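Student: What follows is a single structure, and I will ask about it in a moment.
The values are calculated or read from the model by the stated rules, or taken from the named source; none is laboratory data. Not measured: the values here are computed from a predicted model. In this analysis, Cβ positions are derived from the backbone assuming ideal geometry, glycine residues included, and neighbour counts consider all displayed protein chains.
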């Protein structure tokens, strides 16, 4: 990308199409979705992870909703990064929205934040991650192994090492607990 | 015999199938050792403590490494489709597996042909895919937590990640959520719902509520749902009726937690070591407990 390439990334067209003319990108697995989302957001596009429609659902699925008008540039970016989408499909029905509500519980010394089925608990004094609970996909025990006992600002993010929707939900809880603990 | 199917969080761990025991505080299967932490190892650890206390045989495990890429789960599914045809388990538990509708369907078609059909319990990823596939009623028991109950109650959600906000769990809505899960065919024959109170339900409604030895910290401890599933599976495999096993296991899990005097930073292995003491205590007083079972016969609000 050229030095001023970012100027094209969030174009006036994409903003105009925020509520219409959306498409979604289908990938081989959730890990690729997470990589693609990271890349596209970093490049300035307005994209959002959503649930796929039933006809293309396989299991632990996410798709990326994007402004259709940007299709060529987005697919080229993804191809160049080695994560080409399997399919690009116009949105014809509302897609499932990921959970956007958080719940929290203050245990005094500890704070627990929940996003969807995932709960992350930190020690409020040391900001160390002391527990991860909930979830059912196989990356949850792995994420717990990698994150437990580490301070919030040093632990790997679930986005980097997770692969599933549970991993993605844990990322949301992780971002929320960081927002509450590290920015206050 | 009890068989437990799941994954371990180590990408190098090969597919193993065999009797699971405990050695040096680790699980041992085919000379491989696995630390007892959250996930399927916690389920196995608690099931082993339960069968040891009951004097029953060790569980059989089907395990493989998978860190969420789904590669291990796929190999295990492939193996199970062949292996289960030749086995005759009393109780079969499916746990932390990558949800995949196609493989779930193949596993189910094998299970449906088995005679006699084993009692089938699903939790974690396999419960998600059972519901996602519209096959929840093929199962004898699901063991959801409150968030997962809201997912079962949401007929549109394919995964808890997509549970609609208006259904998100509130303890006082549990009877409605249970009724809604059964209404849309998204619950197993029995539900054992873990929370501040534990609920045992069937399509007839809530059968029992267990609320003694409540510990708020247990919600934060990863793996306390896995221990509950391990205990109930071992009790069912010992011949106990499912609803009774669900009540006993809820009590045992809560009492083990109470004995551990947990904080939100406690690890599940600390709770597991108290299972034998809790189980002996609960079984000793079972008759007195039975008289105290809180039956809630009132129908849910919108059923």
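Student: Could you please let me know if residue B:161 is surrounded by 18 or more Cβ atoms within 10 Å (Cβ to Cβ), at pLDDT below 90, in a helix (DSSP H, G or I) and out of contact with any strand residue (DSSP E or B) (no Cβ under 7 Å at 6 or more places or on another chain)?
Tutor: yes
Student: Looking at B:52, B:31, can you tell me which residue is closer than 26 Å to residue B:267 by Cα and without any contact (Cβ under 8 Å) to a residue 40 or more places away in the chain? Give the derivation first.
Tutor: On the way: B:52 fails: without any contact (Cβ under 8 Å) to a residue 40 or more places away in the chain.
Only one candidate passes the filter, namely B:31.
Student: Then there is this: Restricting the search to the stretch A:34-91, which residues are part of a loop (DSSP other than H, G, I, E, B) and in contact with a strand residue (DSSP E or B) (Cβ under 6 Å, 6 or more places away or on another chain)?
Tutor: Residues satisfying the conditions are A:47, A:52, A:62, A:85, A:86, A:91.
Student: Can you name every residue in the stretch A:136-184 that is in a loop (DSSP other than H, G, I, E, B) and closer than 17 Å to residue B:220 by Cα? Write out each step before concluding.
Tutor: Within the stretch A:136-184, the first condition is being in a loop (DSSP other than H, G, I, E, B), and the residues that meet it are A:136-138, A:148-150, A:152-157, A:162-164, A:183-184.
Hits for the stretch A:136-184 are A:136, A:148, A:149, A:150, A:152.
Student: Within the stretch B:109-126, identify whether any single residue is out of contact with any strand residue (DSSP E or B) (no Cβ under 6 Å at 6 or more places or on another chain) and closer than 28 Å to residue A:94 by Cα, and answer yes or no.
Tutor: Residues of the stretch B:109-126 that are out of contact with any strand residue (DSSP E or B) (no Cβ under 6 Å at 6 or more places or on another chain), as a first pass: B:109-117, B:123-125.
Add one more test, that the residue is closer than 28 Å to residue A:94 by Cα, and what stays is B:124-125.
Scanning the stretch B:109-126 turns up at least one residue that is out of contact with any strand residue (DSSP E or B) (no Cβ under 6 Å at 6 or more places or on another chain) and closer than 28 Å to residue A:94 by Cα.
Student: From (1) closer than 23 Å to residue A:47 by Cα; (2) touching a residue at least 24 places away in the same chain (Cβ under 8 Å); (3) within 11 Å of chain B (Cβ to nearest Cβ), pick out the condition that doesn't hold for residue A:101.
Tutor: All conditions are met except number (2).
Student: Within the stretch B:99-120, is there a residue that is part of a loop (DSSP other than H, G, I, E, B) and farther than 20 Å from residue B:1 by Cα?
Tutor: Yes: the stretch B:99-120 contains one or more residues that are part of a loop (DSSP other than H, G, I, E, B) and farther than 20 Å from residue B:1 by Cα.
Student: Any residue at all in the stretch B:50-66 that is part of a helix (DSSP H, G or I), in contact with a strand residue (DSSP E or B) (Cβ under 9 Å, 6 or more places away or on another chain) and under 21 Å from residue B:243 (Cα atoms)?
Tutor: yes
Student: Restrict the check to the stretch A:127-135 and report whether at least one residue is closer than 25 Å to residue B:125 by Cα, at pLDDT below 95, more than 8 Å from every other protein chain (Cβ to nearest Cβ) and part of a loop (DSSP other than H, G, I, E, B).
Tutor: There is no residue in the stretch A:127-135 that is closer than 25 Å to residue B:125 by Cα, at pLDDT below 95, more than 8 Å from every other protein chain (Cβ to nearest Cβ) and part of a loop (DSSP other than H, G, I, E, B).
Student: Could you say whether any residue in the stretch B:10-19 is in contact with a helix residue (DSSP H, G or I) (Cβ under 6 Å, 6 or more places away or on another chain) and buried (at least 23 other Cβ atoms within 10 Å of the Cβ)? Reasoning before the result, please.
Tutor: From the stretch B:10-19, those in contact with a helix residue (DSSP H, G or I) (Cβ under 6 Å, 6 or more places away or on another chain) are B:15; that's our starting set.
Narrowing the set further to residues that are buried (at least 23 other Cβ atoms within 10 Å of the Cβ) leaves none.
No; the residues of the stretch B:10-19 include none that is in contact with a helix residue (DSSP H, G or I) (Cβ under 6 Å, 6 or more places away or on another chain) and buried (at least 23 other Cβ atoms within 10 Å of the Cβ).
Student: Given the criteria under 21 Å from residue B:268 (Cα atoms), in contact (Cβ under 8 Å) with a residue 24 or more places away in the chain and not assigned by TED's automatic domain parsing to the domain that holds residue A:35, does residue A:113 qualify?
Tutor: Spelling it out, residue A:113 is indeed under 21 Å from residue B:268 (Cα atoms), in contact (Cβ under 8 Å) with a residue 24 or more places away in the chain and not assigned by TED's automatic domain parsing to the domain that holds residue A:35.
Student: Name every residue in the stretch A:145-176 that is more than 15 Å from the chain's Cα centre (by Cα) and away from every other protein chain (no Cβ under 12 Å), in order of residue number.
Tutor: Selection gives A:150, A:151, A:152, A:153, A:154, A:155.
Quick grid of which residues meet (1) away from every other protein chain (no Cβ under 13 Å); (2) closer than 28 Å to residue B:278 by Cα; (3) in a helix (DSSP H, G or I):
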{"residue": "B:46", "(1), (2), (3)": "yes, yes, yes"}
{"residue": "B:73", "(1), (2), (3)": "no, no, yes"}
{"residue": "B:77", "(1), (2), (3)": "no, no, yes"}
{"residue": "B:81", "(1), (2), (3)": "yes, no, yes"}
{"residue": "B:97", "(1), (2), (3)": "no, no, no"}
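Student: Mind listing just one residue for me: the one in the stretch A:35-57 that is within 14 Å of another protein chain (Cβ to nearest Cβ) and in contact with a helix residue (DSSP H, G or I) (Cβ under 6 Å, 6 or more places away or on another chain) and, of those, nearest to residue B:130 (Cα to Cα)?
Tutor: A:51
Student: I'm trying to understand the selection: among the residues of the stretch B:78-100, which are in contact with a helix residue (DSSP H, G or I) (Cβ under 7 Å, 6 or more places away or on another chain) and crowded, with 17+ Cβ neighbours inside 10 Å?
Tutor: If the condition is that a residue be in contact with a helix residue (DSSP H, G or I) (Cβ under 7 Å, 6 or more places away or on another chain) and crowded, with 17+ Cβ neighbours inside 10 Å, then B:80, B:84, B:91, B:93, B:94, B:95, B:96, B:97, B:98, B:99, B:100 are the ones that fit.
Student: From the list A:142, A:110, which one is within 11 Å of chain B (Cβ to nearest Cβ) and surrounded by 23 or more Cβ atoms within 10 Å (Cβ to Cβ)? So that I can check it myself, show each step before the final result.
Tutor: Details: A:110 fails: surrounded by 23 or more Cβ atoms within 10 Å (Cβ to Cβ).
Step by step, each of A:142, A:110 is checked, and only A:142 is within 11 Å of chain B (Cβ to nearest Cβ) and surrounded by 23 or more Cβ atoms within 10 Å (Cβ to Cβ).
Student: Report whether or not residue A:151 is farther than 26 Å from residue B:149 by Cα, modelled with pLDDT of 95 or more, in contact with a helix residue (DSSP H, G or I) (Cβ under 8 Å, 6 or more places away or on another chain) and not assigned by TED's automatic domain parsing to the domain that holds residue A:27.
Tutor: Taking the combined requirement at face value, the residue does not satisfy it.
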